[in-house]
Amino acid sequence: MRQTLFYIPERIFGYPTFGVGVLLAVWAVASVIMLAWLVRRQGFSADTWGYVPLLAAIGGVIWLLLPRIAEPGFGLPIRGYGVMLLLAFLAGAGLVVWRGYRLGIHPDLSISLVFWGFVPGIIGARIYYVVTHSQEFHSLGEMLNITQGGLVVYGSLIGGMLGFGAFLVKHKLPLLPMLDILTPGMLLGLTLGRIGCFLNGCCYGGECDLPWAVRFPVGSPPFVQQVEEGKISLYGLRFQGPSDAPPVIAEVEPGSPAADCGLKPGQTVKAINDLPTATVHHARWVLLNAHRYGDSIAIGVAGRSQPVRLSIPAILPRSEPVHPTQLYSAIDALVLCLFLLAYDPFKRRDGELFALFLTIYPVNRFLMECIRTDEPGIWGTPLTGAQFLSLALLAGVCGLWWSILRRPPGKALPAEAA
């Protein structure tokens, strides 16, 4: 796992590197150059104007999001998840353009199609996550921040299909042949996206003792979950009660940094590093991030006029070993992508690749959810939302197969009209 690859410093040689004004100026110049290039190639067409919402969305992200994700004292973080998401888009788009070109579709049309699916796909993936994790968000900025994960594949599929559908209707392109072109590209993008999940630590599995099990570092999603479940202590401290309860120490592990500085069960933590800790959640959050700001922690407890100082060990704790389900999912998506590419020359009807995807992926995803522990069951059942959606897709794809197989064999592409 490597959530942050590196930081862009706030200033280099005394000059700002990521001030909103500077980045907005760069965005404006780049947007003008891109639009001018499009106008030169294809004039003021609908395709040209189709890029305007995307460029406007990028400007909105710079204006609203970047000031909120910059970390004082460190700079602008370049997240592993975001980098892999960008690589996933480029790789998936490249595969779509290449496959389309082989069937006689102009690369400009394929690129436009990818953009029309990518932006709604990201929006759909984020909306799905925000709706299913609404308790985690307290502001619009938090909802918009996707640099540390929080995108759901099924939400992306729904949003992307809406965008693709609108584009195909607008340009009067055949639906099923275009979906067959897009599907392997989506899976290649998903492969790289899941590697981003691994770097971020999200979408993790349950505990296991397999040789390839992964122990994620302090502050990672699986580490935080295990702390909340009482399986891991924070420098020897465990708190009692729910997250919104006062931070009363329930247990101090013998020989731990907490025991060495004299902390005892029953004491109430009032502040950590001069930050008030009114709840268990606040205390855990400060302790989880304290290692980034020094080699010791000042803990104020009720009944003491002076805080005690807890030394942070040189080797930070890690989570209990868990399944690297992110890598399982990446391998699954890559194998499915290669399978569809290998099957493509043998298909007899348009839509078969997309139908195979909707048949195989839901089964794999349903089984994957059985070993993932990052999502709770819903509606009073042990099944997660993704598992219910998988069952719905399996039921729906039966109708798609019926529609495809009742058609006479033949393919719409390559077609000279494309």
- Task: Please enumerate the residues belonging to region 392-412 that are surrounded by 14 or more Cβ atoms within 10 Å (Cβ to Cβ), out of contact with any strand residue (DSSP E or B) (no Cβ under 9 Å at 6 or more places or on another chain) and not in a loop (DSSP other than H, G, I, E, B).
- Result: Leu393, Leu394, Val397, Leu400, Trp401
- Item | Filter result for the condition that a residue is of a type in the set (Gly, Ala, Ser) and crowded, with 17+ Cβ neighbours inside 10 Å, over Ala290, Ala302, Ala259 | Ala290
- Message: Please go through region 246-290 and give me each residue that is of a type in the set (Asp, Glu) and either in contact with an Asp or Glu (Cβ under 6 Å, 6 or more places away or on another chain) or under 17 Å from Phe223 (Cβ atoms) (or both), ordered by number.
- Response: Glu253
- For region 331-345, what are the residues that are open to solvent by less than 50 Å² (accessible area, probe 1.4 Å) and either in a loop (DSSP other than H, G, I, E, B) or farther than 24 Å from Arg406 by Cα (or both)? Asp332, Ala333, Leu336, Cys337
- Message: I'm told Val322 meets every condition in (1) modelled with pLDDT under 95; (2) open to solvent by 40 Å² or more (accessible area, probe 1.4 Å) except one. Can you identify the failing condition by its number?
- Response: (2)
- Would you tally the residues in region 102-121 being β-branched (Val, Ile, Thr) and farther than 16 Å from Gln42 by Cα? 2
- Selection from region 262-271 of residues that are among the β-branched types (Val, Ile, Thr) and surrounded by fewer than 20 Cβ atoms within 10 Å (Cβ to Cβ): Thr268
- Of the criteria (1) open to solvent by 10 Å² or more (accessible area, probe 1.4 Å); (2) touching a Lys or Arg at 6+ places or on another chain (Cβ under 7 Å); (3) at pLDDT 80 or above; (4) of a type in the set (A, V, I, L, M), which one Leu162 fails: (2)
- Filter region 165-189 for residues that are open to solvent by 30 Å² or more (accessible area, probe 1.4 Å) and in contact with a helix residue (DSSP H, G or I) (Cβ under 8 Å, 6 or more places away or on another chain); which is modelled with the lowest pLDDT? His171
- Which condition does Pro307 not pass, out of (1) in contact with a Ser or Thr (Cβ under 8 Å, 6 or more places away or on another chain); (2) at pLDDT below 95; (3) of a type outside the set (Lys, Arg), if it passes all the others? (1)
- Check Ala278 against each of (1) among the small types (Gly, Ala, Ser); (2) under 21 Å from Glu228 (Cβ atoms); (3) more than 36 Å from the chain's Cα centre (by Cα) and name the one condition it does not meet. (3)
- Of the residues in region 206-256 that are within 25 Å of Asp374 (Cβ to Cβ), charged (D, E, K, R) and not in a helix (DSSP H, G or I), the one that is least open to solvent (accessible area, probe 1.4 Å) is Arg238
- Item | Looking only at region 272-283, and only at residues there that are within 17 Å of Ile312 (Cα to Cα) and of a type outside the set (Val, Ile, Thr), the one that is least open to solvent (accessible area, probe 1.4 Å) | Ala283
- Task: Output the residue which, of all residues in region 346-379 that are acidic (Asp, Glu) and under 19 Å from Pro324 (Cβ atoms), is most open to solvent (accessible area, probe 1.4 Å).
- Result: Glu375
- Note on the structure: Note on region 105-130: residues surrounded by 21 or more Cβ atoms within 10 Å (Cβ to Cβ) and not in a helix (DSSP H, G or I) are Ile105
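The values are calculated or read from the model by the stated rules, or taken from the named source; none is laboratory data. Treat the numbers as computed from the prediction; the structure is a model and nothing was measured. All Cβ positions, glycine included, derive from the backbone under ideal geometry; neighbour counts span all protein chains shown. Side chains included, ligands, DNA and RNA excluded: accessible areas come from the protein's heavy atoms. Shrake-Rupley method; radii C 1.70, N 1.55, O 1.52, S 1.80 Å.
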